[in-house]
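A short write-up of the structure that comes next.
The values are calculated or read from the model by the stated rules, or taken from the named source; none is laboratory data. Bear in mind the structure is a predicted one, so any value in this text is a computation, not a measurement. Cβ atoms come from the backbone with ideal geometry, glycine included; neighbour counts cover every protein chain shown. Side chains included, ligands, DNA and RNA excluded: accessible areas come from the protein's heavy atoms. Shrake-Rupley method; radii C 1.70, N 1.55, O 1.52, S 1.80 Å.
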Amino acid sequence: MTTSPEPLRSHEAIAAAVGEIVGSTKVVDMHTHLFAPEFGSLNLWGIDELLNYHYLIAELFRVSPIRYDDWWAMPRAAQADMIWSELFVKRAPISEAAQGVVRVLTGCGLDPCAPDLTQAREYYAAQDPVAHAERVLDMAGVDWLVMTNDPLDPDESIVWLSGGTTNARYRAALRLDRILNTWPDACSALKASGYDVTEDVSGDTFHEGRRFLNQWIERMKPLYLAVSLPSDFVFPDESVRTRLLRGIVLPACLEHRLPLALMIGVRRQVNPNMRLAGDAVGRADIACVERLASEYPQVRCLITVLSRENQHELCVTARKFRSLLPFGCWWFLNNPSIVREITQERLEMLGATFVVQHSDARILDQLLYKWPVSRKIIAEALTETYVSLADAGRPVTEQDIRTDARRLLADNFKQWVGAA
Ligand code: FIX
Ligand code: ZN
């Protein structure tokens, strides 16, 4: 594609160029819960999975009086039928997650007003999983993506032990939640696999924990280590988590030159009846991130925070520590109104030195709505930014826009993790 060196003179010209460039720039989706086709049943796709997304399950419980136990006892197809009936047929599907399903259906030429799922099921039954995955990634403009890989998940570890994936469009991120958030469980699992660790983090625990991580880093070749942390996360303190961070995780990051992704602000299982849909949000203390960044300036951290109220503080903290790379609008923040606000704020405070968005997709086909929706808002925020710059007297060219779009959608992350 040729890029004109001429300054863009009007609001309309800037908006058109930004829309075209942001719409066509290939994305690296740096945090998803997707799996390559080799992972078999962990690779979720198709209409039944789309409807059983935990965002939509939460919305079902708002409109249906069904008892939680009755819901979880239902077969998956019947659950999908019920979500379709309640959220798409009886009501206009206006929420962001529901609109997403509508976008996927219309994008595939399917009827979003269908009375049931017959047509959609027939369509998906005719797809080959590998070819479908390639096509979805191409249609969404996703160059490649990063999975979330838990070495202590038995279903997943079996696949890694037999070779993992050779698909270059799916890269690994080694997830540390079980180790850093539920150490007693992780400790039992490690012991059962022959690692000499103790629940009170004594003896050889650090050495053995490092041995475990070294083996899984070798096996998965992750681009980064990752953990989600509660809103009451404190660093440093006397907790097991701080000891494991200092004794195992941060040294592993330093030794292997791997970034650490910190996703802070979740309050897990405030309603356990809702299972995966039962997590909530809380405001975190960003001073903990400052202390971690001060103590470990060599560890490059990817960082996202779940509370809207923490976003401004995160920008300020990133301005103070070059080892921090803010990323994405996570989970409850991934709604157009909030993505717009956060993206604008980050552009104003950080320029193009952050990762503008990740999809967090759990179902492959979600890429077909999450990315187009995000791209549109990112384009609007960038247009406003460049119009203001032009207004200040610095003309903007297509080359400026192309470079920034690449940085925000792919290059900043690639550089951070050292990916070619
Ligand atoms: O911890 C995470 O990575 C979260 O993104 C998920 O656990 C969460 O359930 C989710 O799907 C958010 O979009
Ligand atoms: Zn996630």
Subject >> Single residue of LEU350, LEU364 found to be within 16 Å of ligand 1 (Cβ to nearest atom) and modelled with pLDDT of 95 or more >> reply: LEU364
Original post:
For the range 269-283, does any single residue satisfy the condition of being on the phi > 0 side of the Ramachandran plot, under 23 Å from the mean Cα position of the chain (by Cα), within 16 Å of ligand 1 (Cβ to nearest atom) and modelled with pLDDT of 95 or more?
Top reply: yes
**OP:** For THR166, work out the one condition from (1) among the polar types (S, T, N, Q); (2) free of Cβ contacts under 8 Å to residues at least 24 places away in the same chain; (3) more than 30 Å from VAL373 (Cβ to Cβ) it doesn't fulfil.
**Re:** (2)
Subject >> Extreme residue, farthest from TRP416 (Cα to Cα), among residues of the range 289-333 that are assigned to a loop (DSSP other than H, G, I, E, B) and open to solvent by 30 Å² or more (accessible area, probe 1.4 Å) >> reply: TYR296
**OP:** Give the range 110-140 a look and list any residue that's more than 27 Å from the chain's Cα centre (by Cα) and surrounded by fewer than 14 Cβ atoms within 10 Å (Cβ to Cβ), or say none.
**Re:** ASP111, CYS113, PRO115, ASP116, THR118, GLU122, ALA125, ALA126
**OP:** Only residues that are within 16 Å of ligand 2 (Cβ to nearest atom), in a helix (DSSP H, G or I) and among the hydroxyl-bearing types (Ser, Thr, Tyr): list them for the range 345-384, please.
**Re:** SER374
**OP:** Kindly indicate whether LEU229 is open to solvent by less than 10 Å² (accessible area, probe 1.4 Å) and under 22 Å from GLN269 (Cα atoms).
**Re:** yes
**OP:** Scan the range 260-279 for residues that are surrounded by 15 or more Cβ atoms within 10 Å (Cβ to Cβ) and more than 16 Å from ligand 2 (Cβ to nearest atom) and report the count.
**Re:** 1
Original post:
Quick one: SER337 ticks every box in (1) open to solvent by 10 Å² or more (accessible area, probe 1.4 Å); (2) more than 14 Å from ligand 1 (Cβ to nearest atom); (3) touching a residue at least 12 places away in the same chain (Cβ under 8 Å) bar one, so which box is it?
Top reply: (3)
**OP:** Would you be able to tell me the number of residues in the range 1-42 that are of a type in the set (S, T, N, Q), outside any helix (DSSP H, G or I) and more than 16 Å from ligand 2 (Cβ to nearest atom)?
**Re:** 5
Original post:
Can you find even one residue in the range 108-121 that is free of Cβ contacts under 8 Å to residues at least 40 places away in the same chain, hydrophobic (A, V, I, L, M, F, W, C) and in a helix (DSSP H, G or I)?
Top reply: no
Original post:
Can you name the number of the only condition in (1) within 29 Å of ARG243 (Cα to Cα); (2) within 16 Å of ligand 1 (Cβ to nearest atom) that THR317 fails?
Top reply: (2)
**OP:** Please specify each residue of the range 396-420 satisfying the condition of being surrounded by fewer than 14 Cβ atoms within 10 Å (Cβ to Cβ) and modelled with pLDDT of 95 or more.
**Re:** GLN399, GLN415, GLY418
**OP:** Please determine, by comparing only the residues of the range 142-168 that are crowded, with 18+ Cβ neighbours inside 10 Å and closer than 16 Å to ALA361 by Cα, which one is farthest from ligand 1 (Cβ to nearest atom).
**Re:** TRP144
**OP:** Please find, within the range 81-106, the residue that is nearest to the chain's Cα centre (by Cα) out of those that are assigned to a helix (DSSP H, G or I) and farther than 22 Å from ASN334 by Cβ.
**Re:** TRP84
